[in-house]
1. Can you pull out the residues in region 71-86 that are of a type in the set (Gly, Ala, Ser) and in contact (Cβ under 8 Å) with a residue 60 or more places away in the chain?
2. What are the residues in region 26-38 that are loosely packed, with under 13 Cβ neighbours inside 10 Å and either of a type in the set (Ser, Thr, Tyr) or outside any strand (DSSP E or B) (or both), if any?
3. Identify all residues within region 103-128 that are among the polar types (S, T, N, Q) and either assigned to a loop (DSSP other than H, G, I, E, B) or buried (at least 18 other Cβ atoms within 10 Å of the Cβ) (or both); write none if there are none.
4. Does residue 100 fit the bill of being under 20 Å from residue 31 (Cα atoms), touching a strand residue (DSSP E or B) at 6+ places or on another chain (Cβ under 9 Å) and surrounded by 16 or more Cβ atoms within 10 Å (Cβ to Cβ)?
5. List pairs: first in region 87-103 and farther than 16 Å from residue 77 by Cα, second of a type in the set (Ser, Thr, Tyr), Cβ under 7 Å, 6+ apart or cross-chain?
6. Taking into account only those residues within region 64-95 that are part of a helix (DSSP H, G or I) and more than 14 Å from residue 117 (Cβ to Cβ), which is modelled with the lowest pLDDT?
7. If you scan region 54-68, which residues turn out to be buried (at least 16 other Cβ atoms within 10 Å of the Cβ), more than 15 Å from the chain's Cα centre (by Cα) and charged (D, E, K, R)?
8. Report, by residue number, each residue of region 107-117 that is of a type in the set (Ser, Thr, Tyr) and without any contact (Cβ under 8 Å) to a residue 40 or more places away in the chain.
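The values are calculated or read from the model by the stated rules, or taken from the named source; none is laboratory data. In this text, all values refer to a predicted model and were calculated from it rather than measured experimentally. So basically every Cβ, Gly included, is an ideal-geometry build from the backbone, and we count neighbours across all protein chains shown.
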Amino acid sequence: MLALLLIGPVMYSQKNVDQLFKEFSKEKGVTHVGIGKIVMSFASMFTDVMGVDGVEVFSFEECSQQVKERLNKEIASMKDTRYETMVSVNEENQRTKILVKIENETIRELIVLTSGDDAALVRIKGKIKPSDIEKVINNNTKNK
């Protein structure tokens, strides 16, 4: 019984991806840009959007240091069993996590969580084939 009482607050304090996005959307200074399905459909006429239905980006450039520090802590403790961690990088003052939600061998959501000086939250929704991501990586690393 004592163990449950001690574990309860820890479990409760861990946020899932949806809670993280919702919480920080209300913060002063957060720049939020969302591109929905209609705009993505229009964009697909001019470029290959690889099955992306929507993109949501939160930038913390204009936020107070307090908000950035809280974001850093939330990213460090992020646990959401609906997502697999694809990449996790911890550098001196920056942490980046890339999470994916996969259904039937298709990426349904790709989440990028970045803390530090260039803090940002990015959510990409759609039906993305892993081979399409591999193509993008290959195309962007060949010239570098």
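1. Result: 77, single match.
2. The first filter runs over region 26-38 and keeps only residues loosely packed, with under 13 Cβ neighbours inside 10 Å, leaving 26, 28-29, 31, 33-34, 36-38.
Across region 26-38, the qualifying residues are 26, 28, 29, 31, 36, 37, 38.
3. Residues of region 103-128 that are among the polar types (S, T, N, Q), as a first pass: 104, 106, 114-115.
Matches in region 103-128: 104, 114, 115.
4. Numbers: under 20 Å from residue 31 (Cα atoms): no; touching a strand residue (DSSP E or B) at 6+ places or on another chain (Cβ under 9 Å): yes; surrounded by 16 or more Cβ atoms within 10 Å (Cβ to Cβ): yes.
No.
5. Short answer, once both residue conditions are applied: 100/83; 101/83.
6. Residues of region 64-95 that are part of a helix (DSSP H, G or I), as a first pass: 65-76.
Those left that are additionally more than 14 Å from residue 117 (Cβ to Cβ): 66, 70, 73-74, 76.
On the way: 66: 92, 70: 92, 73: 90, 74: 91, 76: 85.
Filtering first and then ranking leaves 76.
7. Residues of region 54-68 buried (at least 16 other Cβ atoms within 10 Å of the Cβ): 54-56, 58-60, 63, 67-68.
If we keep only those that are more than 15 Å from the chain's Cα centre (by Cα) as well, we get 63, 67-68.
The answer is 68, and nothing else.
8. If we filter region 107-117 for residues that are of a type in the set (Ser, Thr, Tyr), which is where we start, we get 114-115.
Scanning region 107-117 gives a single hit, 114.
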